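Engineer: Following this message is one structure expressed as structure tokens.
The values are calculated or read from the model by the stated rules, or taken from the named source; none is laboratory data. Nothing here was measured: the structure is a model prediction, and the numbers come from that model. A quick note on method: Cβ atoms are made from the backbone with ideal geometry, for glycine too, and the neighbour counts reach across all protein chains shown. For the accessible areas, the whole protein counts, side chains as well, though only heavy atoms, and no ligand, DNA or RNA atoms are used. Shrake-Rupley method; radii C 1.70, N 1.55, O 1.52, S 1.80 Å.
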Amino acid sequence: MTGPADDRLQARNDLAWAISVGGIGVVLFAALLLFTWTFAATLFLIFAGMLLGVALTAMTNLLGRVVGLAHSLRLAIVCLVLAGMLSGIVFLGGATIAQQATVLSNTIKSQLVNVKAFLERNGVDTSFFDFSSLTATPSDSSAPAASSPTPSHSLPSAGALASSGGAIFSQSLKLILGTVSAVGNFFIVLFLGLAFAAQPGVYRAGLLFMAPAKHRARATVIIDRIGYTLERWLIAQIVTMAAVFFVTWLGLAVIGIQSSFILGIQAGLLAFVPTVGAILAGLIVVLASLASGWVAALSAFILFLGVHAMESYVLTPIIQRQALDIPPATLFAFQILLGVVFGIWGLALALPLMAIAKVMIDHFKAKDAAPPPEATAA
């Protein structure tokens with residue numbers, strides 16, 4: 001028979017154990033946050049590869065409803081079709097894309113300068129905008145030369161040559177490293193996507209193996225629901241992006257806007273990022289249309305409103321509402337949060353991350369709301 005002293009000792013031991021476990025949990029959670037913050041770019045890169053793998057798997061499964069081939073053969077067919085489409089676009093419209101991209105870049109730069117001048121004429125302070133690289137003109141660069149009495153035939157000093165050579169080398173090195181990084185990230189995502197799509201069952205079994213045995217059944221349900229939700233959302237997103245591309249391209253071509261094809265491509269790609277992508281695409285379209293006059297810019301703005309309405313009130317309720325239903329304000333706030341904390345990666349991948357969180361929350365809410373087995377039996 002235990003006395004009061006034994007009960008107090010047991011309560012003291014239980015409290016010490018709870019404090020120890022809580023402290024260890026806090027330390028592990030802080031270490032996880034630090035690890036995520038430090039290697040956020042790498043984790044987002046891996047997650048992008050997983051999304052590509054899910055998309056390829058979804059298209060492979062759709063093809064499996066038509067033909068009864070093995071998974072590897074269907075994946076090879078999907079990859080060949082996608083590679084053929086991309087090669088056809090580059091082969092048939094590569095020169096057009098490059099030419100329109102150059103024209104679009106110059107148009108955007110000139111229109112930004114015009115907008116800055118318009119705001120300054122109307123008393124709006126634009127000193128916080130840095131347009132120094134856009135406003136430089138040959139006449140500006142020739143002004144200091146005209147005021148300097150240095151003869152044109154004089155040779156630059158050794159220090160000037162070394163300084164200019166160092167600047168050119170540093171800029172070239174930055175450009176090369178940036179290009180190598182972008183190309184490397186692309187191939188990393190491509191390799192991970194192909195690896196995940198080639199053997200999805202192996203990676204699913206690996207995730208389940210890492211879960212504790214007593215929670216493995218629940219982990220199986222959660223992983224399958226996440227995969228199913230992401231597959232449906234990605235298929236719906238691909239359809240939406242294609243529709244936005246075609247409607248924007250054809251609409252701008254009818255209006256008579258230059259670089260309509262490249263503007264359609266950027267609108268379709270930015271449609272992957274809800275809300276923020278649509279606003280950014282509309283801003284680029286309107287700025288590019290200002291070069292053709294106010295009538296063209298107004299027509300392009302009306303086209304942007306129509307495309308946005310089609311995406312928000314037609315495509316989303318029909319094909320995306322069944323795949324993923326997240327309130328717009330919640331999604332926008334989560335996008336802004338991840339965009340501020342993690343940059344472009346967080347902004348672009350906010351929706352699939354929120355989809356995963358929503359699936360897990362819904363699962364645990366449904367489990368908590370389920371009646372106990374005794375009530376069900378009664």
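Engineer: Any idea how many residues of the range 192-202 are closer than 17 Å to residue 61 by Cβ and in contact with a Gly (Cβ under 8 Å, 6 or more places away or on another chain)?
Structural biologist: Counting residues in the range 192-202 that are closer than 17 Å to residue 61 by Cβ and in contact with a Gly (Cβ under 8 Å, 6 or more places away or on another chain) gives 5.
Engineer: Further, regarding this structure: Kindly indicate whether any position in the range 230-252 is modelled with pLDDT of 80 or more and either acidic (Asp, Glu) or in contact with a Cys (Cβ under 7 Å, 6 or more places away or on another chain) (or both).
Structural biologist: yes
Engineer: Okay, moving on. Could you tell me whether residue 279 is in contact with a helix residue (DSSP H, G or I) (Cβ under 8 Å, 6 or more places away or on another chain), open to solvent by 20 Å² or more (accessible area, probe 1.4 Å) and in a helix (DSSP H, G or I)?
Structural biologist: no
Engineer: Kindly indicate whether any position in the range 241-255 is buried (at least 16 other Cβ atoms within 10 Å of the Cβ) and under 19 Å from residue 59 (Cα atoms).
Structural biologist: Within the range 241-255 (the criterion being buried (at least 16 other Cβ atoms within 10 Å of the Cβ) and under 19 Å from residue 59 (Cα atoms)), the answer is yes, since at least one residue qualifies.
Engineer: Within the range 315-329, is even one residue modelled with pLDDT under 85, farther than 21 Å from residue 353 by Cα, surrounded by 15 or more Cβ atoms within 10 Å (Cβ to Cβ) and not hydroxyl-bearing (Ser, Thr, Tyr)?
Structural biologist: Looking for residues that are modelled with pLDDT under 85, farther than 21 Å from residue 353 by Cα, surrounded by 15 or more Cβ atoms within 10 Å (Cβ to Cβ) and not hydroxyl-bearing (Ser, Thr, Tyr), one finds at least one in the range 315-329, hence yes.
Engineer: Ok, one more. Cβ-Cβ below 7 Å, separation at least six or inter-chain, first residue in the range 228-247 and under 15 Å from residue 306 (Cα atoms), second open to solvent by less than 30 Å² (accessible area, probe 1.4 Å) and β-branched (Val, Ile, Thr): which pairs?
Structural biologist: Taking only residues 6 or more apart or on different chains, the pairs are 244/307; 247/307.
Engineer: Would you mention how many residues in the range 295-314 are surrounded by fewer than 12 Cβ atoms within 10 Å (Cβ to Cβ) and either modelled with pLDDT under 80 or closer than 30 Å to residue 226 by Cβ (or both)?
Structural biologist: Total meeting the criteria: 1.
Engineer: Taking the residues in the range 178-226 that are among the aromatic types (Phe, Trp, Tyr) and under 23 Å from residue 70 (Cβ atoms) as candidates, determine which candidate is least open to solvent (accessible area, probe 1.4 Å).
Structural biologist: Residue satisfying both the conditions and the ranking: 196.
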